[in-house]
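Undergrad: The structure's right below; bear with me while I get my questions together.
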Amino acid sequence: MRSREVAELIRDQRPLTMPPETTLSAAAQAMHQRRVGAVLVTDPEGRLLGIFTGRDALRCLATGRDAATCTLAEVMTRNPQTIGPHATAMDALRLMNDMGVRHLPIVEEGRVVGIVSRYDFRAMEHRRLDEETGFFEILR
């Protein structure tokens, strides 16, 4: 099986990006409209500042934050782990698995070029990860 590059997964993608002063309410509306699970928080030059996910939104609501006034800057995960577009899809999937995350920003030369989620990978890539994980469990 040929290893796909992450660039293949994000080829025609327009990731949802927003500035840090965006309210949670506006971010949640945009996520719902675009049917995505994450917002990449960027500066005006497209550099990644953080990520805001559906899990973050749930945590904010559960703690009583006001979605109309709370901003992404207040609740985003700052400086998230990233990967480049020329990494393999398996490398991205392994990294996501190791970190326990569902979304991974793709950055090249300091600027956001895309994002992958667990759903972007083929069944064979998930199967290979499961086999690797099982193998390493046996070695423990």
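The values are calculated or read from the model by the stated rules, or taken from the named source; none is laboratory data. None of the values given here were measured: they were computed from a predicted structure. Reconstructed Cβ throughout: ideal geometry from the backbone, glycine too, with neighbour counts over all protein chains shown.
Undergrad: How many of the residues in the range 28-48 are closer than 20 Å to residue 111 by Cβ and in contact with a helix residue (DSSP H, G or I) (Cβ under 6 Å, 6 or more places away or on another chain)?
TA: Within the range 28-48, residues that are closer than 20 Å to residue 111 by Cβ and in contact with a helix residue (DSSP H, G or I) (Cβ under 6 Å, 6 or more places away or on another chain) number 2.
Undergrad: Considering only the range 92-108, state which residues are touching a residue at least 40 places away in the same chain (Cβ under 8 Å) and within 17 Å of residue 8 (Cα to Cα).
TA: 92, 103, 105, 106, 107
Undergrad: When the residues of the range 52-71 are filtered to those that are in a loop (DSSP other than H, G, I, E, B) and not small (Gly, Ala, Ser), which remaining residue is surrounded by the fewest Cβ atoms within 10 Å (Cβ to Cβ)?
TA: Among them, the one singled out is 63.
Undergrad: Considering only residues of the range 1-34 that are acidic (Asp, Glu) and part of a loop (DSSP other than H, G, I, E, B), which is surrounded by the most Cβ atoms within 10 Å (Cβ to Cβ)?
TA: 21
Undergrad: What number goes with the only condition from (1) touching a Lys or Arg at 6+ places or on another chain (Cβ under 7 Å); (2) at pLDDT 95 or above; (3) buried (at least 17 other Cβ atoms within 10 Å of the Cβ) that residue 41 does not pass?
TA: With (1) touching a Lys or Arg at 6+ places or on another chain (Cβ under 7 Å); (2) at pLDDT 95 or above; (3) buried (at least 17 other Cβ atoms within 10 Å of the Cβ) applied to residue 41, the lone miss is (1).
Undergrad: Here is a further query. Can you find even one residue in the range 59-80 that is free of Cβ contacts under 8 Å to residues at least 24 places away in the same chain, under 24 Å from residue 121 (Cβ atoms) and not acidic (Asp, Glu)?
TA: no
Undergrad: Being assigned to a strand (DSSP E or B), modelled with pLDDT of 90 or more and surrounded by 13 or more Cβ atoms within 10 Å (Cβ to Cβ) narrows it down to one of 116, 101, so name that one.
TA: 116
Undergrad: Let me ask something else about it. Output the number of the condition that residue 4 fails; it satisfies all remaining conditions of (1) out of contact with any Ser or Thr (no Cβ under 8 Å at 6 or more places or on another chain); (2) of a type in the set (D, E, K, R); (3) under 28 Å from residue 94 (Cβ atoms).
TA: For residue 4, the failing item is (1).
Undergrad: Let me ask another. Quick one: in the range 82-94, of everything that is at pLDDT 95 or above and more than 9 Å from the chain's Cα centre (by Cα), which residue is nearest to residue 28 (Cα to Cα)?
TA: Across the range 82-94, the extreme among qualifying residues is 83.
Undergrad: So, one more: For the range 49-97, which residues satisfy the criterion of being closer than 19 Å to residue 109 by Cβ and touching a Gly at 6+ places or on another chain (Cβ under 8 Å)?
TA: Selection gives 79, 80, 85.
Undergrad: Pick from the range 35-51 the residues that are in a loop (DSSP other than H, G, I, E, B) and in contact (Cβ under 8 Å) with a residue 12 or more places away in the chain: which of them is farthest from residue 79 (Cα to Cα)?
TA: Among those residues, the one meeting the criterion is 36.
Undergrad: Looking at (1) touching a residue at least 12 places away in the same chain (Cβ under 8 Å); (2) under 15 Å from residue 108 (Cα atoms), can you tell me which one residue 11 breaks?
TA: Failed condition: (1).
Undergrad: May I pose another question? Output yes when any residue across the range 65-78 is among the hydrophobic types (A, V, I, L, M, F, W, C) and in contact with a His (Cβ under 7 Å, 6 or more places away or on another chain), and no when none is.
TA: Among the residues of the range 65-78, not one is among the hydrophobic types (A, V, I, L, M, F, W, C) and in contact with a His (Cβ under 7 Å, 6 or more places away or on another chain), which makes the answer no.
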